[in-house]
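The values are calculated or read from the model by the stated rules, or taken from the named source; none is laboratory data. The shown structure was predicted, so the numbers you read here are calculated from the model rather than taken from an experiment. Please note: Cβ atoms are built from the backbone with ideal geometry, for glycine as well, and neighbour counts cover all protein chains shown. The protein model used for the area step is the full one, side chains on, heavy atoms only, and it has no ligands, DNA or RNA in it. Shrake-Rupley method; radii C 1.70, N 1.55, O 1.52, S 1.80 Å.
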Amino acid sequence: MWSRIKSFVQSGLGKGKTLQISTKITCMYALILFFVLCMMSLVTGLGVYFSFYHQAEREMEISIHRVMERIQGGTAFTPDFWRGDPVLPGVVLRVTDMTGQVIMENEAHYPTISDIERHTVKPPIWANPSMEVSNLHNMSIYHAKVDVVYQGEMLQLHFFRTITSEKNFLAILQWFLLLTTIVSFLLALLAGFFLSKRILRPIRTMTHTVRKIEVENLDRRIHVPETHDELDELAQTFNHMLDRIETGFQQQQRFVSDASHELRTPVTVILGYSDLLSRWGSKDEEVLKEGISSIRSEAEDMQQLIEKLLFLARADQKRQVLHKENLEFSELVEDITRKLRLVEKGKHEVELRANDEGEVYADQVSMRQLLRIFLDNGRKYTPEGGHLWVSSKRTPDGGHLRVEIGDDGIGIAKEDQKKIFDRFYRVDTSRTKAEGVSGTGLGLSIASWIAEQHGIHIDVDSDIGKGTKFILTVPLVDGSEKESLEAMTKQDAGDGENAGHPEKEQTEEREEGDAKA
C-alpha cells in the first residue's frame, strides 16, 4: 500500500517537472486561493455558530436573572408573575415540582420536558457547558434547568430557547460557502490559466527568437516589450549579451583571418626560397646566402608573431602571470632609454628629458616590455635622423607619474587613434607606406593589456606629419594601493597558477642583445 502511494506521489512530481511555467503558476495560485477560501469559510462558519449560540445563551441568562430576582422578591407564581415580561421574547419558562408536575408555564404548546430530555444530544464545543441542546420534531432547543426553594418547597425552573431557524440558516450558509469555494477555485484556475498565458507570452516570443539565432545570424535581437518590468529587463540583458557575443565572434573571426594573413606571407617566402635553394643553392653561393638569410629573417618574424599571439591568448584566458614587486620606475626608464640610445646610435636621437623618482608596484618584465613597445613604435615610424624622447614627471597631487614617450615621425590621423590598440590594426595611410615600416599590429594590443593590469591610463596625442606622443599615467605606491594591488596579484596568480611566462626569457635575451649592440 505504502509503495503504491509512494510511486503515485513520485509519478505526480515527475509530471510536475514537465509542466509549463504558466500551468505551474496557475495551479500554485489556485491552490493558495483555495486554501484561503477554505480558511475564510471555516472561520466564517465558526463565527456565525458561536454568535448564534452566544446570543441564545445571553437571552436565557438574562431571563434566568430576572426570574430569580422576582422569586427572591417574593412574587408569587400567579398570572401577575408574567407582568413586566420576566423572560425575553422567544424564551419559554416552565416551573415544576420535584415530581415533574407543572406549576406554571408561559407556553402550553411547547414539547413536554420528558420529550425534550429524551432527545438531548451532545452540545457543540462552543456551547455553554451548563446548558443542553435537544433535537426533536424538526426542532432544535437550547435549554437550562435551575433548582430553587420557594416557600419551603423545592421547585425546578426550566428555560427553553428555540434555535431551529438559526441552525437552518447555518446549514444553508455551509452549503453556500462550500459552493462559493469550489466555484471560486474553478474560476481562479480558468482566469489564472489565461492570464498566465498572456503574461508569459513575451517569454515564449523570446524563446522562439532565440531558437532562430545561430552563428550565421547573430545580428538578430529580441523585441523589448514596453512593460518596464522584469521581462523588459530580461530582454535588454539578453540583447546586451548577444551584442557582446557578436562583437567577440567578429573579433575572433578577424583575429583568425589576420593571423592567417600574417603567417601566410612568411610561409610563402620560406617556401619560395626553399624551392630556389633546391634548384640553384648548391651551385650559386650568392643564391645560397640570400636564401638562408631570407628564410632566417622570415622565421624570426614568425617566431615573434607566434609569441605575441600566445601572449594575447594567455591574457584572454587570464593565465598570463605577473610577478609584481616594488620597483623604482626612474631606474627602468633610464635603463631602457640608455640601451635604446646605444641601439639607435647614428639612426635616431634618443633623449631623456626628465626622470622623476617614484616607486611603483608592478611586474618588471612587463613594464620593460610596455616601454619598449611605445619606443619601438616611435622608432619604426620616425625617419632616420629623427628624434625620440622620454619624460617622466610626478603629477601635482604626487600620486602618479606622467610618462610621455614621443617622436617627430609621420603621426597618426585623429580618426585612427581609437583603433590603434585593436589587434592586427595598422593604419592604411601614408603611415604604413613609409619605407622600411613593418610589423604585426599586435604590439600596442599587448601594451594596452599590460597597462590595464597595472592600472595605467594611456592617452594619445598625434596628428599626421606632427609626430606622436603617448602619455602614460602610472600610479605610485602608497599603503592602500599596495594592499589592493597585492590582492589583485594573488588572484591573478591563482587564476594562472600553472601558466608559464615565456616573455621573461625573451625579454632578458633581448636585453642581452641590446647590451652587446
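Among the candidates THR112, THR96, THR162, THR181, the residue that is under 27 Å from TRP82 (Cα atoms) and touching a Phe, Trp or Tyr at 6+ places or on another chain (Cβ under 8 Å) is uniquely THR162. Every residue in region 340-360 that is open to solvent by 30 Å² or more (accessible area, probe 1.4 Å) and not in a helix (DSSP H, G or I), please. Once the filter is applied, which keeps residues that are open to solvent by 30 Å² or more (accessible area, probe 1.4 Å) and not in a helix (DSSP H, G or I), region 340-360 yields LYS345, GLY346, LYS347, GLU349, GLU351, LEU352, ARG353, ASN355, ASP356, GLU357, GLU359. When every residue of region 406-422 is checked against the conditions, at least one turns out to be in a strand (DSSP E or B) and more than 43 Å from the chain's Cα centre (by Cα).
Right, GLU57: surrounded by 14 or more Cβ atoms within 10 Å (Cβ to Cβ), under 28 Å from PHE176 (Cβ atoms), among the acidic types (Asp, Glu) and modelled with pLDDT of 80 or more or not? Yes.
Residues in region 361-374 that are in contact with an Asp or Glu (Cβ under 9 Å, 6 or more places away or on another chain), open to solvent by less than 50 Å² (accessible area, probe 1.4 Å) and either among the aromatic types (Phe, Trp, Tyr) or assigned to a helix (DSSP H, G or I) (or both): TYR361, VAL365, SER366, ARG368, GLN369. GLY346 passes every criterion in (1) on the phi < 0 side of the Ramachandran plot; (2) more than 50 Å from the chain's Cα centre (by Cα) apart from (1).
Condition check ((1) part of a strand (DSSP E or B); (2) over 19 Å from SER63 (Cβ atoms)) across all residues:
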| site | (1), (2) |
| --- | --- |
| PRO89 | no, no |
| LEU93 | yes, no |
| THR96 | yes, no |
| THR99 | no, yes |
| MET104 | yes, no |
| ALA108 | no, no |
| ILE116 | no, no |
| PRO124 | no, yes |
| ASN128 | no, no |
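If you filter region 303-325 down to residues that are among the hydrophobic types (A, V, I, L, M, F, W, C) and farther than 17 Å from LEU370 by Cα, you find that the one that is least open to solvent (accessible area, probe 1.4 Å) is ALA313. Candidates are the residues of region 166-201 that are open to solvent by less than 40 Å² (accessible area, probe 1.4 Å) and of a type in the set (Ser, Thr, Tyr); the one that is farthest from SER41 (Cα to Cα) is SER196.
Results for (1) of a type in the set (Val, Ile, Thr); (2) surrounded by 13 or more Cβ atoms within 10 Å (Cβ to Cβ); (3) under 25 Å from SER51 (Cβ atoms); (4) touching a residue at least 24 places away in the same chain (Cβ under 8 Å), shown as yes or no for each residue.
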site: THR99; (1), (2), (3), (4): yes, no, no, no
site: ILE103; (1), (2), (3), (4): yes, yes, no, yes
site: HIS109; (1), (2), (3), (4): no, no, no, no
site: LYS122; (1), (2), (3), (4): no, no, yes, no
site: TYR142; (1), (2), (3), (4): no, yes, yes, yes
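When region 306-339 is filtered for residues that are closer than 18 Å to HIS454 by Cβ and assigned to a loop (DSSP other than H, G, I, E, B), the ones remaining, listed by number, are LYS318, ARG319, GLN320, VAL321, LEU322, HIS323. Is there a residue in region 375-391 that is of a type in the set (Asp, Glu), closer than 19 Å to LYS469 by Cα, touching a Leu at 6+ places or on another chain (Cβ under 8 Å) and open to solvent by 30 Å² or more (accessible area, probe 1.4 Å)? No, region 375-391 has no match at all. Tally time: how many residues in region 59-87 are closer than 19 Å to MET131 by Cα and part of a helix (DSSP H, G or I)? Of the residues in region 59-87, 10 are closer than 19 Å to MET131 by Cα and part of a helix (DSSP H, G or I). So which pairs qualify, if the first residue must be in region 50-78 and in contact (Cβ under 8 Å) with a residue 60 or more places away in the chain and closer than 23 Å to PHE169 by Cα, the second must be β-branched (Val, Ile, Thr) and assigned to a loop (DSSP other than H, G, I, E, B), the Cβ gap must be under 8 Å, and the two must be at least 6 apart or on different chains? Partner pairs satisfying both residue conditions: PHE52/ILE163; TYR53/ILE163; ALA56/ILE163. Where residues in region 401-420 are in contact with a Phe, Trp or Tyr (Cβ under 9 Å, 6 or more places away or on another chain) and modelled with pLDDT under 85, which of them is most open to solvent (accessible area, probe 1.4 Å)? Once the filter is applied, the top-ranked residue is LYS419.
Candidates in region 328-339 are the residues that are open to solvent by 20 Å² or more (accessible area, probe 1.4 Å) and without any contact (Cβ under 8 Å) to a residue 60 or more places away in the chain; of these, the one that is nearest to ALA362 (Cα to Cα) is GLU328. Scanning region 77-96 for residues being at pLDDT 80 or above and among the small types (Gly, Ala, Ser) gives a total of 1. Would a scan of region 12-26 turn up a residue that is open to solvent by 80 Å² or more (accessible area, probe 1.4 Å), at pLDDT 80 or above and not in a loop (DSSP other than H, G, I, E, B)? Checked against the condition, which is being open to solvent by 80 Å² or more (accessible area, probe 1.4 Å), at pLDDT 80 or above and not in a loop (DSSP other than H, G, I, E, B), region 12-26 yields no hits at all. Condition first: polar (S, T, N, Q), over 30 Å from THR44 (Cα atoms) and part of a strand (DSSP E or B). Can you find one or more residues in region 145-158 that meet it? Yes - at least one qualifying residue is present in region 145-158. Of all residues in region 80-94, those that are touching a residue at least 24 places away in the same chain (Cβ under 8 Å) and β-branched (Val, Ile, Thr) have Cβ atoms under 7 Å from Cβ atoms of residues that are outside any loop (DSSP other than H, G, I, E, B) and open to solvent by 10 Å² or more (accessible area, probe 1.4 Å), 6 or more apart or on another chain, in VAL87/ARG66; VAL91/GLU59; VAL91/ARG161.
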